[in-house]
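To start, the structure itself, in structure tokens.
The values are calculated or read from the model by the stated rules, or taken from the named source; none is laboratory data. Here the structure is a predicted model, which is why all the values come from computation and not from measurement. For neighbour counting, all protein chains shown are included, and Cβ atoms are generated from backbone atoms with ideal geometry for every residue, glycine included. The accessibility values were calculated without ligands, DNA or RNA, using every heavy atom of the protein model including side chains. Shrake-Rupley method; radii C 1.70, N 1.55, O 1.52, S 1.80 Å.
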Amino acid sequence: MKRKTEEKDNKKSGFKTLLLSVLLSSPGPLILGLGLTVGRSSTQISDFTRRSAELLAIIASFVVYCMTSKDENMDPVKKRNIELSSNIFVGIIMCISGISMIVLALVSNNEDKGNVIPALLIAISGVIANTLFWRKYTSLYKESGNVILKAQGKLYGAKSIVDTCITLSLFMVAFFPGKKVSQYFDVIGSILVSVYMIKSGIQTVRESFGRKKAEKFTNI
């Protein structure tokens, strides 16, 4: 009885955390999109692309979590496959986001980047929020063992590091506009962020594929 109560509480906590992730992630792409009308930093553009892709992945994870948590009669194998497929999708989104960021960074020019303050404020708030979500998802995964929550923990861990790099890059662009050092920081910041996202995405995909393969052989 106690175990069922704990599982129910964990499901509720997971649902609330994922819903909060969706709600807090939604304004980011919109605000950054509006910010692009006054700023054209390559880091700013790549951050807009990244946040849009990540929002899609978070929404997909939220939908899958709701599906698998509410249907208690769902076949365990089917449920696990759906959860792992969701994690693979999250990993692929991270890779696509990283690749797009590298392309944008390499093809950007050295013109005046305009006002990047809106993107800088978003990045700073991102560092704080994503670190808190990373800790929360990690704690929830340890309690429930849900692989969707584990993937979200990895995603938010990567997001917190990414936002730290983006904050430093945009800080240099904002306070040293037109300087060579800010241009280097802008491009290098985008590339570092991209590489980290791709690396994290590949790890998530490989781990999820590995689990699906292992469970397939187990159920033969």
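List of remarks:
- Meets criteria (modelled with pLDDT of 75 or more and either assigned to a helix (DSSP H, G or I) or not aromatic (F, W, Y) (or both)) for I45: no
- Residues that are farther than 21 Å from V162 by Cβ and open to solvent by less than 90 Å² (accessible area, probe 1.4 Å) were ranked within the range 187-220; the one that is modelled with the lowest pLDDT is E215.
- Residue within the range 160-177 that is farther than 21 Å from A129 by Cα and outside any helix (DSSP H, G or I) present: yes
- The set of residues from the range 165-182 being open to solvent by 60 Å² or more (accessible area, probe 1.4 Å) and under 20 Å from the mean Cα position of the chain (by Cα) comprises just one member, L168.
- Taking first residues from the range 63-80 that are among the hydroxyl-bearing types (S, T, Y) and partners that are open to solvent by 20 Å² or more (accessible area, probe 1.4 Å), the Cβ contacts under 8 Å between residues at least 6 apart in sequence or on separate chains come to Y65/F15; Y65/N146; T68/M74; T68/K79; T68/I82; S69/K11; S69/F15.
- Hey, G33 modelled with pLDDT of 70 or more and assigned to a helix (DSSP H, G or I) or not: no
- All of V63, V127 fail the test of being part of a helix (DSSP H, G or I), open to solvent by 60 Å² or more (accessible area, probe 1.4 Å) and either at pLDDT below 80 or among the aliphatic types (A, V, I, L, M) (or both), apart from V63.
- If you go through the range 131-158 and pick out every residue that is of a type outside the set (G, A, S) and either open to solvent by 10 Å² or more (accessible area, probe 1.4 Å) or in contact with a Cys (Cβ under 7 Å, 6 or more places away or on another chain) (or both), you end up with 13.
- Qualifying residue in the range 105-113 (condition: under 17 Å from K199 (Cβ atoms), modelled with pLDDT under 75 and more than 14 Å from the chain's Cα centre (by Cα)): yes
- Any chance I161 is aliphatic (A, V, I, L, M) and either closer than 19 Å to L30 by Cα or touching a residue at least 40 places away in the same chain (Cβ under 8 Å) (or both): no
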